[in-house]
Amino acid sequence: MSKNRTAGYKGPYGYQKRREGEGRSCVRYKCGLTNTIQDVLRQRPGWMEVKDDGEWDFNWCDVGWLRENFDHSYMEEHVRICHFRNHYELTRKNLMVKNLKRYRKTLEREAGRIEAAKCDFFPRTFELPSEYHLFVEEFKRSPGSTWIMKPVARSQGKGIFLFQKLKDIMDWKKDGSRSEEQRDETQVESYVAQRYVENPYLISGRKFDLRVYVLVTSYIPLKAWLYRDGFARFSSTRFSLTSIDDQYVHLTNVAVQKTAPDYDPEKGCKWQMQQLRRYLTARHGTETIEALFKDVDNIFVRSLQSVQKVIINDKHCIELYGYDILLDQDLKPWWLIEVNASPSLTASSQEDYEMKCCLLEDTLHIVDMEGRLTGREKRVGGYDLMWNDGPVYREDVNLETLGSACFTANTHLGCVNDRKKQLRQLLKPFPGQKRI
């Protein structure tokens with residue numbers, strides 16, 4: 001991050017401040033990760049890595065660095081960083097539940113029950129131990145149902161377990177029947193108890209969830225982009241509620257599934273989003289699946305709106321979120337209160353690596369440190385602008401025929417991603433490059 005310069009200031013890069021539309025010749029970046037993002041940054045024309053305390057223009061940091069340094073950092077106008085200061089309002093499960101419940105109550109009070117019902121996309125969820133008595137009341141209303149316990153600030157399936165008896169929670173509270181690792185966790189962490197979706201949509205008998213990428217470049221006003229690509233993550237073992245202790249049945253996280261005895265690192269447990277959408281469309285028809293993906297869009301918008309007033313907006317900040325969505329057998333999408341501020345960028349296969357490289361390249365296109373965009377774009381590479389202080393409509397939608405309650409987002413999740421062609425038409429060449 002650049003230090004505060006006053007006398008003789010010539011602009012963010014030490015030369016005369018660029019004219020409108022003039023490209024920047026050098027972007028200094030800092031990166032705290034060693035996976036795919038590092039490869040993408042190193043290959044970007046005109047970008048140069050700085051080490052240690054060197055001044056930077058763009059920082060792809062981990063949340064630990066942010067927590068330790070953000071409040072003590074001065075950032076010049078042009079500088080960008082990959083997290084919002086209090087990103088955890090959306091990414092910590094207990095805070096997200098609190099924000100979403102509060103937002104739903106506000107909607108019901110101000111707009112009515114029908115509007116509030118659009119937030120009914122997450123299962124009944126309680127924070128433990130603080131809401132333990134409320135949870136017990138709900139648990140007793142549906143004896144024999146399955147619940148899932150999740151640490152509020154963990155990822156990659158760590159610390160998660162299923163239960164069907166209240167006794168299991170009593171044991172957990174007493175540190176009686178859990179492993180030594182889990183006993184240590186419960187002493188320092190809160191958990192959420194969530195009603196388990198017992199009727200997931202299955203393909204070849206196996207459970208799966210969707211990993212979808214949403215990029216937020218501003219909260220006030222809210223501006224969010226949805227990436228066309230993503231993937232479905234499958235469990236390696238056929239689904240059954242008779243084996244609730246088998247993590248290979250119930251947890252689709254790659255970090256969990258790759259430890260399965262029969263895991264094939266070449267095949268993995270993933271489908272690309274286009275493959276899944278084609279499969280679902282072939283089985284259920286275009287109209288049904290378009291309605292399904294519209295419901296998925298609603299989850300992204302409503303969840304972001306629920307934290308819009310609590311996230312500290314900062315023009316220096318962006319955030320790439322990884323959402324996890326589950327479908328049930330009725331094709332209802334459920335958000336399991338899983339959204340990552342640091343979605344895994346480590347590739348599990350060559351196909352996965354190529355997809356994540358494209359995702360990150362397009363993220364940097366939108367950040368636009370080189371100044372090649374106009375700011376009016378509705379599509380950049382594989383990203384579609386889905387919300388810009390209000391819904392962004394597709395080009396083929398006639399606004400005059402839309403009712404006030406109709407929400408038709410400019411989204412194409414799982415559709416063709418002809419990003420290279422679109423980028424050639426959209427972007428000016430990098431400084432010093434000729435257009436191909």
Notebook entry, point to check: Taking H as built 1.01 Å from N, whose amide H comes closer than 5 Å to the amide H of A347, not counting residues under 5 places away?
Noted result: T36
Next item on the list: Please turn the phi angles of region 311-323 into ³J(HN,Hα) values with the Karplus equation 6.51 cos²θ - 1.76 cosθ + 1.60 (θ = phi - 60°), one per residue in order, whole Hz, x for glycine and proline.
Entry: 5, 6, 6, 8, 5, 7, 9, 10, 8, 9, 9, x, 8
Note to self: For a distance above 13 Å, tell me the whole-number percent of Cα pairs in region 274-337 that qualify.
What the structure shows: 71 percent
Next item on the list: Read phi for every residue in region 271-279 and hand back ³J(HN,Hα) as whole Hz from Karplus 6.51 cos²θ - 1.76 cosθ + 1.60, θ = phi - 60°, with x for Gly and Pro.
Entry: 10, 5, 4, 4, 5, 5, 5, 4, 4
Notebook entry, point to check: Taking a quarter of the surface of the Cα convex hull of region 110-165, what do you get in nm²?
Noted result: 5.6 nm²
Check: Probe 1.4 Å, all protein chains in place: accessible area of F231 in Å², nearest 10?
Finding: 10 Å²
Check: What part of the accessible area of region 276-400, given as a whole %, is carbon or sulfur when the probe is 1.4 angstrom?
Finding: 45 percent
Next item on the list: Provide the per-residue ³J(HN,Hα) series for region 33-48, in order, calculated from phi with Karplus coefficients 6.51, -1.76, 1.60 and θ = phi - 60°, each as a whole number of Hz, with x at glycine and proline positions.
Entry: 10, 10, 9, 4, 4, 4, 4, 5, 5, 5, 8, 7, x, x, 9, 10
Next item on the list: Report the calculated FRET efficiency for R141 and E351 (r = Cβ-Cβ distance, R0 = 51 Å), to the nearest 0.05.
Entry: 0.70
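The values are calculated or read from the model by the stated rules, or taken from the named source; none is laboratory data. Everything quoted here is computed from the prediction, not taken from an experiment. All Cβ positions, even for glycine, are placed from backbone atoms using ideal geometry, and neighbour counts span all protein chains on display. To get the accessible areas, we keep the full protein, side chains included, count just its heavy atoms, and leave off ligands, DNA and RNA. Shrake-Rupley method; radii C 1.70, N 1.55, O 1.52, S 1.80 Å.
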